[in-house]
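The values are calculated or read from the model by the stated rules, or taken from the named source; none is laboratory data. All figures in this text were calculated on a predicted structure; none of them were measured in a lab. Counting neighbours? That spans all protein chains shown, and the Cβs are built from the backbone with ideal geometry, glycine included. These accessible areas exclude ligands, DNA and RNA; they are computed on the full protein's heavy atoms, side chains included. Shrake-Rupley method; radii C 1.70, N 1.55, O 1.52, S 1.80 Å.
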Amino acid sequence: MVELEKEVLPLPPRYRFRDLLLGDWQTDDRVQVEFYVNENTFKERLKLFFIKNQRSSLRVRLFNFFLKVLSCLLYIVRVLLDDPREERFWSLIIWVNRPLPLWALQVLVAFIGFSETMLLVYLSYKGNVWEQVLRIPFILEMISAVPFVITVILPSLRNLFIPVFLNCWLAKHALENMINDLHRAIQRTHSAMFNQVLILISTLLCLIFTCICGIQHLERAGNNLTLFDSLYFCVVTFSTVGFGDVTPQIWPSQLLVVIMICVALIVLPIQFEQLVFLWMERQKSGGNYSRYRAQTEKHVVLCVSCLKIDLLMDFLNEFFAHPRLQDYYVVILCPTEMDIQVRRVLHIPLWAQRVIYLQGSALKDQDLMRAKMDDAEACFILSNRFEVDRFAADHQTILRAWAVKDFAPNCPLYVQILKPENKFHIKFADHVVCEEEFKYAMLALNCVCPATSTLITLLIHSSRGQEGGASSVDQWQRIYRRCAANEVHHIRLEESKFFGEYQGKSFTFASFHAHKKYGVCLIGVRRMDTANILLNPGPCHIMGASDTCFYINISKEENSAFVRGHREPVRGPGVDSRGVPQTVYHGLTRLPVHSIIASMGTVAIDLQDSSDGSPEGTGPSVLGSETVSRSGSRTEVGGCNTLALPAVSGSGEERKHSIAPVLEMVDGVHSPTFDLLGDQSEDEGGEEGKEDDGGEQKGQWWGGHCEWVKGYPLNSPYIGSSPALCHLLQEKRPFCCLRLDKACHHMPYEDARSYGFKNKLIIVSAESAGNGLYNFIVPLRAYYRPRKELNPIVLLLENFPEVDFLEAICWFPMVFYTVGSIDNLDSLLRCGVTFADTMVVVDKESSMIAEEDYMADAKTIVNVQTLFRLFPALSIITELTHPANMRFMQFKVKDHYSLALSKLEKKERERGSNLVFMFRLPFAAGKVFSVSMLDTLLYQSFVKDYMISITRLLLGLDSMPGSGFLCAMKITEEDLWIRTYGRLYQKLCSSTGDIPIGIYRTEAHKLPVSESQVSITVEDYEDTREPREPLLCRSGVHRNSTSSEPPSSSSQAMDHPLLRRKSMQWARRLSRKGGRGSSGAKGVGSAAEHISQQRLSLFRRSERQELNALVRMRMKHLGLSSSGFNGMTDQGNRLSYILINPSPDTRLELHDVVYLIRPDLLSPVPNQASGRKPSAGQAEGHRFDTQDSTHL
């Protein structure tokens, strides 16, 4: 058998012609098999043509639709040609007049329709005949087509009435099938709403047409109505109007009307219900964004996982604040259903035409197609900061970014991420904002450069300078409102009138003269051949025609008009009392240059006549020889003070103190000699500074046992952190030495006092040691901060830190941690709160979720209020989840001024202001910060793509070679000889190359004192007479000092004579009562009298004294010394605010803090030994003065 199988050759297959020529068919065993998708039979081919194939089926259904419409038109023609004669009742209903040509056409149409129906029944047959026969379309076809076929056989029945008008329902059925085939043929999912509306309209038309034809035919035996009369009757009846002028007369027509009304009451409500349901579902899902609109209009897509009303309003207000974005559409793509508040806002006409809400996921291509992501101008992807697991929120954001990039590779991405360790997953995005990076860096700079968070928030918000109104009662609100409108703008130098004339000049020269002439502050440049932005590159940078200039101003230059003023030659209105000529402005206003730069529109700028090239100081000096001697005492070894008073000649005549002019070009440069192992403060402070540092190193363990170096941190806690040059330890500390309140065999200390820190502590209260805290430490340990100004950092953590975090911070000097909570007084005392200058309270991630949205900050606010009551001298910087809750910071019930600010905030909210909370005292002073304020930074990047880079440079998150850094300088009594901000600008530009950008001003405010405040102040006054609390002595010394600490409550009480007199009278009255009681005590009653005195003294004790006693008792219980604790200082009647880019004639006040952008210390510096010396008061041998300025 096997041999026979071997002998039988296989069947020769059908080979290709090439195989036959080659002759390989004899050895090839391949067999060609033909596969058919459908059965190759006549029935299957007919089914493929009439049913399965979309395109051919669409043609067949379209032909069927027109065929049924044609039959209805032929019926109408027959009715119009009909002329009923007077006959019997039923004969008029059964028989009609039908002309022969018309009959022939109707027979032909009926035969074609009947044949098609029978063919489709044959092709759709699946073994059950009744399933096909009992279908309503088949029954209607038989009623309207079979009688015509019978009339061909029986000519006597040619005039028989046939209800051809029922073909309208077959036309409706064909239309529905045709629409389905149409969408299948073009490979698009049709809209269910469109389909349902089509069915409803066609059903309504078929009902009306059937009723019209039926009434007209039946009334042939009655009123003999025409088609128009029947149409009129049906419309009046179906609209429930019922005039009654046309009514059916015979019972068949009346019965038909009853039947049609019943059918309409059943069919139409069902159709309307389905339509309303689909409409509601579409409203929830949002439908689609029109492809035509996407191609003709511009739109951006906002992808969020959960849309809150605050997030939506912040985005809309900031996005549409720019004039060129007014015609944009915003498409919101969110997987959750729109809540009530968002729906209410989107119904407002202002947003209803520009905002489209789509319910869908960015991970689905269908939803991205609905949003027309491939045609979008940009896509904003925001993380849900209210998620319980913030890592999970970042993972969702990463997937959304990947999905959008895969679907629309050319669409620009603007991504917000929460955790810094997740940044490297979205490096492909065009712009990325990491929330924790910016948050901790901003909070860190708040500790050494006050109100940095407010400064950045005002710069990144779009404001028109109209907040608060021009008719504000308080002067500080008016100037604060005007300066808060400043923003960062850019322009090419060769196209600029502000900076075009300074081509080929130094950067500092251009910055100073542009501010003097136009009131704009030039802060940075960018070369054409590089993408890096340089903040204050220094006097060695020469401005080029292709440079892009970045400047701070209320309005950009393109929205400004220039009107040149002139000087009056004689004394008149343009000359002041001292004979100094004043600039006369001819334009929209007579205010100075800086005051007439309006916002978001065309403005007029009056140019001062600066033909004289000597920018010397104007006006006589207000300080005499006493000022010179004081400034001389501040002169350090090795150089003069940065703001030192210039030397005055021996003549006793009073003369002006001139300031050196800013050089157009530097004569020479030399490379800086920067020693990484040395300390910049030693060079700045001279021998005295070295002795102090040497003593510190001998007395403190961190200098005696471990040397400090300047370098880059070895261990970064996450991938993607920008390298920063910092103060580091040469050898890392053991982990046990990082614990502040626990002694180890290396360190025997257990509290902050034992360490003997010379500078006050900075305490950070956080829930856990996340990688974001690394960005809090780096700015405070930057290389340009002198060693003697570094503050110890204590991290108060609720959970023990991870080993990776300890490995990252063990290289930084004076960084410790303790485990405790902010709501525990013992934990606060152990971490050294009594020796702290600043307390930073970071919002807890676990408390961001609350049943009521705005209750997420409840615990933080109450804890901070407790801290404020226990330690009033402590500067507390708080992070809140919701900016609206900042009104509860340092809350006072009977504070009338806070109530007035609350009313002002309500007015701003009604006006639609972007910063309704800007006049709140905690925000203006930089004491409160909300991370949601950073959202506008991402939104502004759509118009200003450089804002994220500039903000990172200001905060120290990035360090570019040659780019400057943000720092602050405090104005002391020795610096008041400069008098104005413009002269300070010139002094800094001519000496150190610093660029001032604003002022942080603190001033005493006479707030209305409530009754509770009066009682506490009186008790404090009484308590100051006790010898154990020499508060008056300390407050007196503090008031006469030049430090930034606010005066005590007793010194503030001295400012109120009436309050002081009442308090002293009360104290005498209480002392007299006590004296009489003590002198009358005799015998056995003396003990009871003594007890009553103690009870009276406890009753008299104020709340402030009780809190102080509580703190001292807990310190004593914990074994801590209470000698340094002073709980009587009060900062209640002081307010602070920021002036961004103030006018040159703004007067400087004592304790003003000036924000500076200082050149990079590692960049080339001008050669001061050249022949051209700017001034005798310019610093020689060093660049910065560390006593008068606070470096960051």
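Considering each of Gly695, Gly668 in turn, give the residue that is surrounded by fewer than 16 Cβ atoms within 10 Å (Cβ to Cβ) and at pLDDT 50 or above.
Matching residue, one of Gly695, Gly668: Gly668.
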- If you scan region 935-952, which residues turn out to be open to solvent by 10 Å² or more (accessible area, probe 1.4 Å), within 19 Å of Ala441 (Cβ to Cβ) and of a type in the set (A, V, I, L, M, F, W, C)? Ile948
- Message: Tell me yes or no: at least one residue of region 312-333 is at pLDDT 85 or above, open to solvent by 20 Å² or more (accessible area, probe 1.4 Å), assigned to a strand (DSSP E or B) and touching a strand residue (DSSP E or B) at 6+ places or on another chain (Cβ under 9 Å).
- Response: yes
- Task: Please list, ordered by first then second residue, the pairs with beta carbon atoms under 8 Å, 6 or more apart or interchain, first in region 707-736 and within 26 Å of Phe438 (Cα to Cα), second of a type in the set (D, E, K, R) and in a strand (DSSP E or B).
- Result: Leu725/Lys710; Cys726/Lys710; His727/Lys710; Leu728/Lys710
- Task: Return yes when Gln274 is within 36 Å of the chain's Cα centre (by Cα), farther than 20 Å from His347 by Cβ and modelled with pLDDT of 75 or more and no when it is not.
- Result: no
- Does region 510-518 include one or more residues that are among the basic types (Lys, Arg), open to solvent by 10 Å² or more (accessible area, probe 1.4 Å), in contact with a Leu (Cβ under 8 Å, 6 or more places away or on another chain) and more than 19 Å from Pro922 (Cβ to Cβ)? yes
- Message: Considering only region 76-96, I want to know if a residue exists there that is part of a loop (DSSP other than H, G, I, E, B) and touching an Asp or Glu at 6+ places or on another chain (Cβ under 8 Å).
- Response: yes
- Message: Name the single residue that is most open to solvent (accessible area, probe 1.4 Å) among those in region 393-425 being over 20 Å from Asp365 (Cβ atoms), assigned to a helix (DSSP H, G or I) and of a type in the set (A, V, I, L, M, F, W, C).
- Response: Phe424
- Item | Residue match in region 35-53 (condition: acidic (Asp, Glu), over 30 Å from Phe161 (Cβ atoms) and either at pLDDT below 85 or exposed (fewer than 11 other Cβ atoms within 10 Å of the Cβ) (or both)) | yes
- Considering each of Ser1102, Ser1078 in turn, give the residue that is at pLDDT below 75 and within 30 Å of Cys831 (Cα to Cα). Ser1102
- Item | Failed item in (1) surrounded by fewer than 15 Cβ atoms within 10 Å (Cβ to Cβ); (2) of a type in the set (Val, Ile, Thr); (3) closer than 23 Å to Thr210 by Cβ, with Val164 passing the rest | (1)
- Task: Residue by residue through region 120-130, note down the ones that are touching a helix residue (DSSP H, G or I) at 6+ places or on another chain (Cβ under 7 Å), open to solvent by 30 Å² or more (accessible area, probe 1.4 Å) and over 17 Å from Leu140 (Cβ atoms).
- Result: Tyr125
- Would you confirm whether any residue within region 337-356 is open to solvent by 40 Å² or more (accessible area, probe 1.4 Å), closer than 21 Å to Ser941 by Cβ and outside any loop (DSSP other than H, G, I, E, B)? no
- Task: Could you tell me which numbered condition Met280 fails, if it satisfies all but one of (1) open to solvent by 80 Å² or more (accessible area, probe 1.4 Å); (2) without any contact (Cβ under 8 Å) to a residue 24 or more places away in the chain; (3) in a helix (DSSP H, G or I); (4) within 19 Å of Leu205 (Cα to Cα)?
- Result: (4)
- Could you figure out which of (1) small (Gly, Ala, Ser); (2) open to solvent by 30 Å² or more (accessible area, probe 1.4 Å); (3) outside any loop (DSSP other than H, G, I, E, B) isn't true of Ser253? (2)
- Would you check which residues across region 794-817 are without any contact (Cβ under 8 Å) to a residue 60 or more places away in the chain and assigned to a loop (DSSP other than H, G, I, E, B) and list them? Glu798, Asn799, Phe800, Pro801, Glu802
- Message: Being farther than 21 Å from His461 by Cα, touching a His at 6+ places or on another chain (Cβ under 8 Å) and not acidic (Asp, Glu): is that true of Val331 here?
- Response: yes
